[in-house]
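Working notes for the structure below.
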Amino acid sequence: MVSRVIPVDPFDLVIFGATGDLARRKILPGLYRRFWAGQMPEGSRIIGAARTEQDADAWRASIRAAIEEFVAKSKHEAEVIDRFLACLDYVAIDVRGDGGWETLRDMMRQEVTQAFYFSVGPGLFGDLAERLHRYKIACETCRIVVEKPFGRDLDSAKALNATLAAHFDEQQIYRIDHYLGKETVQNLMAVRFANVLFEPLWNSQFIDHVQITVAEEVGVGGRGGYYDKSGAMRDMVQNHLMQLLCLTAMEPPSRFEPDAVRDEKLKVIRALDPLETHDIVRGQYRAGAEPSYLDDVEDPDSRTESFIALKVHVANWRWNGTPFYLRTGKRMKARTSEIVVQFKEPPHSIFEEDTGQRANMLSIRLQPDEGMDLRVTIKEPGPGGMRLVDVPLDMSFADALGPEAADVPDAYERLIMDVIRGNQTLFMRGDEVEAAWAWTDPVVAGWVDRGDRPMPYEPGSAGPEDALILLHRDGRRWREIG
């Protein structure tokens, strides 16, 4: 099978915050993997920009160490690493001052694609945008990449969008959510819209409910100060889980083009019913041998949730009566991200020996092992009569497409290359971000006004007991984590 990779033109990519953890763990190793795969054209350059006073050789040495630590050994080829590092340069920048900006301007080329990655806190976005224009560094066709959080409520999201809009058009702004770069998330759209098998069944007539889970084994760790100001609702639901919900629930776009896809996602967010109090479960990990959430954030009276489960309704014809159950949490029993589409049971069983409940289920795994499986009912092999069992259909990409299919690009490397190509399909638009906050804000305000405390749950569990009750009262149950 011949891989169809859309080529890119030579580019200059500037990474602000180039000495930070994200650049070291994700961005630069991802770019190296694309270089190793032959997708970085000759003449491309990556320019690191940060406060640290150092020369380019010192930064290259730190990136060499990052490649050795975060890239698979099978891709450690000394000659390739040396050629990649030769594409790197560095400039010390004072984001809120004047130092380094003229040097950066002199380094940039106007005849190639320009991209600027804001791998810094949102509080610096305005300063970066203003100086890129003041020093005439950014060309009219350049692209900027901004990391979440995109605000912490509707007002701050609007202010952030206005700050960026003062210097860049919406077509130049790429709001990155790494979940959307995962291979399985994109395959969700392929499964839905490239197969006649699923789309006619993708509605409330045939689907009983949908579960979206993002569970983490780790606690808040060194992010305690930041996390305690956001919590699971702001940190995960408002962006990651909301995007997965949109891709699952949206109508078929007229074309696979950025604005056509994002228009349909926006419709889903605007169709979400307001949440009822009894459809929300919040929790904090408390017990266990390791520090509790309260210890991790150093606040014994914190009311911020490290876990949340929600029952959500999309108020439109396609999904009327089909609930979407969302949950995410820290210090849970396993690291799992998946979308589970639970189909309804057959209206009548013709098999007398079949005493169980039978329903097809499609599960889409985002991590740790990306893939899909579809559970169907078959006859159990053997002479023992018509005994039915549920089995998964094998939907392994590696088996179907060859071993190279298992070596899929990391989400960040895929999304960065989409920026260079000018493809915004997997990035959030400004009105999409604001619509998500408009739905989220009243939910957060409600429990703040009531003074609700999150329920405790054991580290290594599936969350508070009330999260199980959220489904049990509807005659359903969560899929096992792990």
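The table below gives the values:
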| item | result |
| --- | --- |
| Long-range neighbours under 8 Å by Cβ, at least six apart or interchain, first residue in contact (Cβ under 8 Å) with a residue 40 or more places away in the chain within the stretch 140-151, second of a type in the set (Lys, Arg) and surrounded by fewer than 19 Cβ atoms within 10 Å (Cβ to Cβ) | Gly151/Lys158 |
| Answer from His313, His278 - the residue that is assigned to a strand (DSSP E or B), in contact with a strand residue (DSSP E or B) (Cβ under 9 Å, 6 or more places away or on another chain), more than 25 Å from Arg335 (Cβ to Cβ) and not charged (D, E, K, R) | His313 |
| Conditions (1) within 28 Å of Asp295 (Cβ to Cβ); (2) surrounded by 15 or more Cβ atoms within 10 Å (Cβ to Cβ); (3) at pLDDT 95 or above: number failed by Ser461 | (3) |
| Residue identified as under 25 Å from Val341 (Cα atoms), free of Cβ contacts under 8 Å to residues at least 60 places away in the same chain and assigned by TED's automatic domain parsing to the domain that holds Ser363 among Ala232, Ala260, Ala249, Ala309 | Ala260 |
| Helices (runs of 4 or more DSSP H) fully within the stretch 188-275 counting 2 or more residues that are at pLDDT 90 or above and surrounded by 14 or more Cβ atoms within 10 Å (Cβ to Cβ) | 242-249, 258-270 |
| Residue among Asp9, Asp98, Asp55 that is over 28 Å from Lys148 (Cα atoms) and of a type outside the set (Gly, Ala, Ser) | Asp55 |
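To keep it simple, each residue is scored yes or no on (1) farther than 24 Å from Ile176 by Cα; (2) small (Gly, Ala, Ser).
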{"position": "Glu77", "(1), (2)": "yes, no"}
{"position": "Leu88", "(1), (2)": "no, no"}
{"position": "Thr103", "(1), (2)": "yes, no"}
{"position": "Gln114", "(1), (2)": "no, no"}
{"position": "Ser119", "(1), (2)": "no, yes"}
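The values are calculated or read from the model by the stated rules, or taken from the named source; none is laboratory data. Every value quoted in this text rests on a predicted model; they were computed, and no experiment measured them. Here Cβ is always computed from backbone atoms with ideal geometry, including for glycine, and neighbour counts include all displayed protein chains.
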